[in-house]
Amino acid sequence: MNWFKVALGLGAFYGATGVMLGAMGAHLLKKHLSAELMMSFQVGIRYQLIHALFLLLLALLYHQFKHPQL
């Protein structure tokens, strides 16, 4: 299995869905959710975007160093 492609694909997918969900939350859900629920939603999106960045970083580091034991 090519871990570079898997991590890169997952990072890109998580990043894209995080941006889409964040935009949806900012424009559509804002008028339907309470302030507390909106904060919870924003925290979830932030965590998803952070995980996407780390997956992309992991893919780039793996591609750069390519240790056989990974």
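Before moving on, here are some points about what is shown:
- Accessible area per residue (1.4 Å probe, heavy atoms of protein chains only) ranks Tyr14, Tyr47 as Tyr47, Tyr14, with the largest value leading.
- Backbone phi angles across the range 11-23, fed through the Karplus curve with coefficients 6.51, -1.76 and 1.60 (θ = phi - 60°), yield HN-Hα couplings of x, 5, 5, 4, x, 5, 5, x, 5, 5, 5, x, 5 Hz in residue order; Gly and Pro are listed as x.
- Stretched out straight at 0.36 nm per residue, the stretch from Val6 to Met20 would grow longer than its current Cα-Cα span by 2.9 nm.
- Per-pair calculated FRET efficiency, R0 = 30 Å: Leu28 and Phe54 via Cβ, rounded to 0.05: 0.60
- In order along the range 54-65, the phi-based Karplus estimate (6.51 cos²θ - 1.76 cosθ + 1.60, θ = phi - 60°) of 3J(HN,Hα) comes to 5, 5, 5, 5, 4, 4, 5, 5, 4, 5, 6, 9 Hz; Gly and Pro are listed as x.
- The Cα atoms of the range 30-70 give a gyration tensor whose axes a ≥ b ≥ c have a/c of 1.5 or more with a/b greater than b/c, which makes the shape prolate.
- Local charge for Gly22 was computed over the other residues whose Cβ lies under 14 Å away, with Lys and Arg +1 and Asp and Glu -1, and equals +2.
- Using C-alpha pairs under 8 Å with a sequence gap of at least 6, the mean separation divided by the residue count of the chain gives a relative contact order of 55 percent.
- Computed in the context of the full set of protein chains, the accessible area of the chain at 1.4 Å probe radius has 72% of its extent on carbon or sulfur.
- Modelled label reach - Leu37, point 7 Å along Cα→Cβ, the range 15-29 residues with backbone N closer than 15 Å: 25-29
- Among Ala52, Ala23, Ala12: highest mean-square fluctuation, GNM of the chain, C-alpha pairs under 10 Å: Ala23
The values are calculated or read from the model by the stated rules, or taken from the named source; none is laboratory data. The model shown is predicted, which means the values in this text are computed figures rather than measured ones. Ideal geometry is used to build each Cβ from the backbone, glycine not excepted, and the neighbour counts take in all protein chains shown. Quick note on the areas: whole protein, heavy atoms, side chains included, nothing else; ligands and nucleic acids left out. Shrake-Rupley method; radii C 1.70, N 1.55, O 1.52, S 1.80 Å.
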